[in-house]
1. For the condition of a type in the set (G, A, S), modelled with pLDDT of 95 or more and surrounded by 13 or more Cβ atoms within 10 Å (Cβ to Cβ), what is the one hit in A259, A245, A268?
2. Tally up the residues in region 255-268 that are in contact (Cβ under 8 Å) with a residue 40 or more places away in the chain and assigned to a helix (DSSP H, G or I), please.
3. Are any of the residues in region 322-330 more than 30 Å from H59 (Cβ to Cβ) and in contact (Cβ under 8 Å) with a residue 40 or more places away in the chain?
4. Among the residues of region 33-40, is any on the phi > 0 side of the Ramachandran plot and more than 14 Å from the chain's Cα centre (by Cα)?
5. List the residue pairs whose Cβ atoms are under 9 Å apart, where the first residue sits in region 32-45 and is under 18 Å from P16 (Cα atoms) and without any contact (Cβ under 8 Å) to a residue 40 or more places away in the chain, the second is among the aliphatic types (A, V, I, L, M) and outside any helix (DSSP H, G or I), and the two are 6 or more positions apart or on different chains.
6. Conditions: (1) in a helix (DSSP H, G or I); (2) closer than 30 Å to P315 by Cα; (3) free of Cβ contacts under 8 Å to residues at least 60 places away in the same chain; (4) in contact with a strand residue (DSSP E or B) (Cβ under 8 Å, 6 or more places away or on another chain). P18 meets all but one. Number of the miss?
7. Mind counting the residues in region 239-250 that are of a type in the set (A, V, I, L, M, F, W, C), assigned to a strand (DSSP E or B) and out of contact with any Phe, Trp or Tyr (no Cβ under 7 Å at 6 or more places or on another chain)?
8. Answer yes if at least one residue in region 186-206 is in contact (Cβ under 8 Å) with a residue 40 or more places away in the chain, touching a His at 6+ places or on another chain (Cβ under 9 Å) and hydrophobic (A, V, I, L, M, F, W, C), and no otherwise.
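The values are calculated or read from the model by the stated rules, or taken from the named source; none is laboratory data. Everything numeric here is computed off the predicted structure, so don't read it as measured data. Here the Cβ positions follow ideal geometry from the backbone for every residue, glycine too, while neighbour counts run over all protein chains shown.
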Amino acid sequence: MTDGASIPANIGRLAPSPTGAQHVGNARTYLLAWLLARAAQGKVVLRMEDIDSPRVKAHAQQQAIDDLHWLGLDWDEGPNVGGPQTPYVQTQRLPLYLLALFELQQAERVYPCTCTRSDVASAASAPHAGQEGPVYPGTCACRCVADAAALAEAGIPYCWRMRITANERRFVDLVAGEQRCCVGRQLGDFVIAKGDGAPAYQLAVVADDYAMGITEVLRGDDLLPSAFRQLELYDFFGWQPPQFAHVPLVVGPDGRRLAKRHGDTRLAMLREAGVPPERLVGLLAWSCGLRPTAEPVAAAELVAEFSLARLPRQPLVFTPQMLADLLRPTPGK
């Protein structure tokens, strides 16, 4: 891991999950994350978050790289360009997560939990809004780390769950403003690894963001509760957390997070249909308050005057008409 001594002022990251195709909603978040770093003359890191192995698609990593290039985004470190913290694919970084888990075990900040398998299965991926579920009641919190040996010997599956402090956590979000949460009461102890040490989303993200020197994390506001869980980990390890910026999502006309049910909004489909990337970037820039109209524009043209202060605080409703406008024939082609 890095010691932070020689880290540039701003390092942002793009962190696609290759569990499927990237879509218009992803593109808006990636564009904002890229602009936040580039506007501050900072670095951008590309990291593939592929620990959700049963859902990972074999071709999705390269497709995500192609989509990002098509949008006009670039990065200084990543799986296709290398860098000082290589590898930049999470399934290739497992020793780092095991080390972090070992430190938590040594301090008895985790315990073996034999509760619902669905918690364990879902913990590898980011918990979006509506997927939080009830607060964990502490059923297995009486256990200590040493109890894992007896569970393993008896063939009883378990995961590692982190003990949450009773402290109220506070931080100032670059978009959402001051945030506060009593993590223990409002969110509860959370899964950070499977019994074999395979990491869950929260542990992997914190370990990677620290190791890669990430200073700013911009992502969808459905992940805002994750910031409080991650602050528990940053506090335990004594690491400086990044600044968080949680931006409103892109939703369909029904108000739900953009998905297949709203039609085909895959970036790969737009590319294959011959849509100029500037057309999509223009629409996204307008939706973010960066341009007065949705006229086509290149991502690089937005850097000089970028400001998160212009970002609307409500979701972007992506309509069928917007998709039709993107797919309209390009004159001369």
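1. A245
2. Here the count works out to 3.
3. No; the residues of region 322-330 include none that is more than 30 Å from H59 (Cβ to Cβ) and in contact (Cβ under 8 Å) with a residue 40 or more places away in the chain.
4. no
5. Close Cβ pairs (under 9 Å, with a partner that is among the aliphatic types (A, V, I, L, M) and outside any helix (DSSP H, G or I)) amount to K43/I11; V44/I11; V44/L14; V44/L73.
6. Here P18 clears every test but (1).
7. 2
8. No, the conditions are met nowhere in region 186-206.
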